[in-house]
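The values are calculated or read from the model by the stated rules, or taken from the named source; none is laboratory data. Values in this document were obtained by computation on a predicted structure and should not be read as measured data. Every residue, glycine as well, gets a Cβ built from its backbone with ideal geometry; the counts of neighbours run over all protein chains shown. SASA here: full protein model, heavy atoms, side chains in, ligands and nucleic acids out. Shrake-Rupley method; radii C 1.70, N 1.55, O 1.52, S 1.80 Å.
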Amino acid sequence: MSHDQWCFIFNKENCIQCHGCEVACKTWRTVALGVNWRRVINLWSGEYPHVTCSSASIACMHCIEPACADVCPTAAISKRAIDGIVLVDAEKCIGCQACLDACPYEVPQFGLDGIMQKCDMCHSVKPGDPNFPQKAPPCVSTCPTQALVLRKITVSQKKEAEQTMKALLNIRKERKRI
């Protein structure tokens, strides 16, 4: 896949842990209670008395090679070649949760109906649409410090973004084990 692809870029140094991206996504897309298409997590590091906390804003990374799609037994998850957006066909999903086990970012969410749901980069609405007045998805346009941005980037840049987020999440997983 050589086309440039859309990618959320997160800069943890700019994040002030306001959770605006999380709230904007949840309210604008009317995501059910208990389900989070975007979430902000704390990343603790250091040893007492030199402990620091930063954050990561996580949603679907729309991976170059989405592991969730590879394991889906009904092909309910697909990646659009034109822009790299990974979508879920709710009518095909059987709720087996194989995608959750496969996702390195723990992104797939399951509502009361048991069907997988996740961020779709607001693909169903277009900038300029009266229902979508922003130039970017609500999670991005709400961020006061531009810690979260949406860009079309090369495949190699997207691989780097995926690795950066995996490294951030591995820091968190290591802290949980201690």
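Is it true that Arg80 is open to solvent by 70 Å² or more (accessible area, probe 1.4 Å), closer than 25 Å to Gln5 by Cα and out of contact with any Cys (no Cβ under 7 Å at 6 or more places or on another chain)? Yes; evaluated as a whole, the condition is true for this residue. Does Val107 satisfy being assigned to a helix (DSSP H, G or I), in contact with a Leu (Cβ under 9 Å, 6 or more places away or on another chain), at pLDDT 90 or above and open to solvent by less than 50 Å² (accessible area, probe 1.4 Å)? So Val107 fails the test. Considered as a group, the residues in the range 130-145 that are open to solvent by 50 Å² or more (accessible area, probe 1.4 Å), modelled with pLDDT under 85 and not polar (S, T, N, Q) include one that is nearest to Ala59 (Cα to Cα), and that residue is Lys135.
When Glu65, Glu22, Glu91 are checked against the criterion of being within 19 Å of Cys7 (Cβ to Cβ) and open to solvent by 40 Å² or more (accessible area, probe 1.4 Å), a single residue qualifies: Glu65. For the range 146-173, taking the residues that are closer than 21 Å to Cys25 by Cβ and open to solvent by 60 Å² or more (accessible area, probe 1.4 Å), the one that is modelled with the highest pLDDT is identified as Gln146.
Looking only at the range 25-54, filter to residues that are small (Gly, Ala, Ser) and modelled with pLDDT of 90 or more; which one of those is most open to solvent (accessible area, probe 1.4 Å)? So, considering only residues that are small (Gly, Ala, Ser) and modelled with pLDDT of 90 or more, the one most open to solvent (accessible area, probe 1.4 Å) is Gly34. If the condition is being at negative phi, in a loop (DSSP other than H, G, I, E, B) and small (Gly, Ala, Ser), then the range 1-35 contributes Ser2, Ala32.
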